[in-house]
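What follows is a short report on a single structure.
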Amino acid sequence: MKTNPFRLPELGYQLTDLAPMMSQQTLSCHYGKHFQTYIDNLNRMVNGSHFEGLNIEDVVRKAPEGPMANNAGQVLNHQLFFEQFLPAKNAKMPSGDLLFLIEQSFGSFGKMREAMDNAAKQLFGSGWVWLTINAEGKMQVLSLPNGDNPLRHGLKPLLTIDLWEHAYYLDYQNRKDKYLENFWLLVNWHVVSKRLV
């Protein structure tokens, strides 16, 4: 019997809530179509396989290089991406343990942001830029191509910037700098903080 263990997660905001930084059109296409396609593909692949019954994190860690790893990575990457936002009017700066670790690892929040922005500008082709943390509590910025995820490299993902063109092209065309500038206005640092645990 075929099951669909992975489903499109509900957003904590409406498709119109992130505009104009991220338009309803972009979210409808990116969340409603691209993300859903990765979920549909992964569900077909895990059915009847020894990955059936595993959570998404374990599929990402254990899948061999190839279609399952790519689709599992994109499912988890998009889940983390979309849950880390809130409307710009509600956005705040990081605080508490999260800010302490950022400052300890990078020197300041501004330097962490600059490191992620620089990595995003230098990434060639499609992929993701990550703020990660290792088992010793040290944060680092990691650029990964396609659907790769930090879990496959022994790191915990905390924050991510999607740099596939479908994430920003409808709103920004080739103005990646503007996409990055507006990205920071939408980050829900409370969600990022909870990923430390």
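Nothing in this text is a laboratory measurement; each read-out follows from the coordinates by a stated rule. All of these numbers come straight from a predicted model, not from anything done at the bench. When we count neighbours, we look across all protein chains shown, and the Cβ atoms used for this are built from the backbone with ideal geometry, even at glycine.
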Tell me which residues, restricted to the range 1-28, are over 30 Å from L54 (Cβ atoms), of a type in the set (V, I, T) and part of a loop (DSSP other than H, G, I, E, B). T16
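Within the range 109-162, restricting attention to residues that are charged (D, E, K, R) and touching a residue at least 60 places away in the same chain (Cβ under 8 Å), which residue is surrounded by the most Cβ atoms within 10 Å (Cβ to Cβ)? Full working, then the answer.
Our first condition is that a residue be charged (D, E, K, R); within the range 109-162, this holds for 111, 113-114, 117, 121, 136, 138, 148, 152, 156, 162.
If we keep only those that are touching a residue at least 60 places away in the same chain (Cβ under 8 Å) as well, we get 113, 117, 148, 152, 162.
Values: R113: 18, D117: 19, D148: 21, R152: 17, D162: 23.
The extreme case among them is D162.
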Output the residue which, of all residues in the range 61-88 that are free of Cβ contacts under 8 Å to residues at least 60 places away in the same chain and part of a loop (DSSP other than H, G, I, E, B), is surrounded by the most Cβ atoms within 10 Å (Cβ to Cβ). A63
Evaluate the following for L99: is it surrounded by 13 or more Cβ atoms within 10 Å (Cβ to Cβ) and either within 23 Å of H34 (Cβ to Cβ) or in contact with a His (Cβ under 9 Å, 6 or more places away or on another chain) (or both)? no
